[in-house]
């Protein structure tokens, strides 16, 4: 009796299947059993590959979804921050205009041309500019007045010092004031000098035009206001007053 022989065959799942033969041919029982194994393994592999291909890649999709959600959330945050910053800027500008309208007096006055309407920003700015210019003019005017008052104070201080010196000198020499002339005599001397000058002035000056008046004034000064001429006039006036007093 011959020994059975065996043949190796490639299985669909990548392995090998041994098939035995005897003298009568292929062992039918072993062949049927191996055939069943091949069909079961082949069917399992088919089902596994189909299932694997049909299952979606959830890891990649979750990553893309989270990335899209993050981007969308970042955009929303930026848009929200920009909106809040813009609102703060608008509120600050509005507060500035409201403060100007409350501070500037001309903005509080009723303008009959616009009635009871709220002042526009352009009108508020223009009224503010006008008020600032008015304040600058008032400041300059006050500075000029202060400068004039300072000059007056300096002059009064000089006069005060002079009067104090006069009073002190009079107290030191009480008899010196008895020989002093009165203010009326001083006025008479001044009046006599001016009358003499006016007579020559009236005779020499023409008032036909301003140009002719200017020319006559200069020529009169050069002729009648010389030191020697003024000296003669003063001497003559003093001699007349002396004869009247004595």
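Nothing in this text is a laboratory measurement; each read-out follows from the coordinates by a stated rule. Here the structure is a predicted model, which is why all the values come from computation and not from measurement. Using ideal geometry, Cβ is built from the backbone for each residue, glycine included, and neighbour counts are taken over all protein chains shown.
Under 27 Å from the mean Cα position of the chain (by Cα) and in contact (Cβ under 8 Å) with a residue 24 or more places away in the chain: is that true of residue 119 in this structure?
no
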Answer yes or no: is there a residue in the range 179-187 that is surrounded by fewer than 10 Cβ atoms within 10 Å (Cβ to Cβ) and in contact with a helix residue (DSSP H, G or I) (Cβ under 7 Å, 6 or more places away or on another chain).
no
Restricting the search to the range 198-229, which residues are out of contact with any helix residue (DSSP H, G or I) (no Cβ under 7 Å at 6 or more places or on another chain) and under 25 Å from residue 240 (Cα atoms)?
198, 199, 202, 203, 221, 223, 225, 226, 227, 228, 229
Residue among 199, 133, 142 that is farther than 30 Å from residue 104 by Cα and part of a helix (DSSP H, G or I):
199
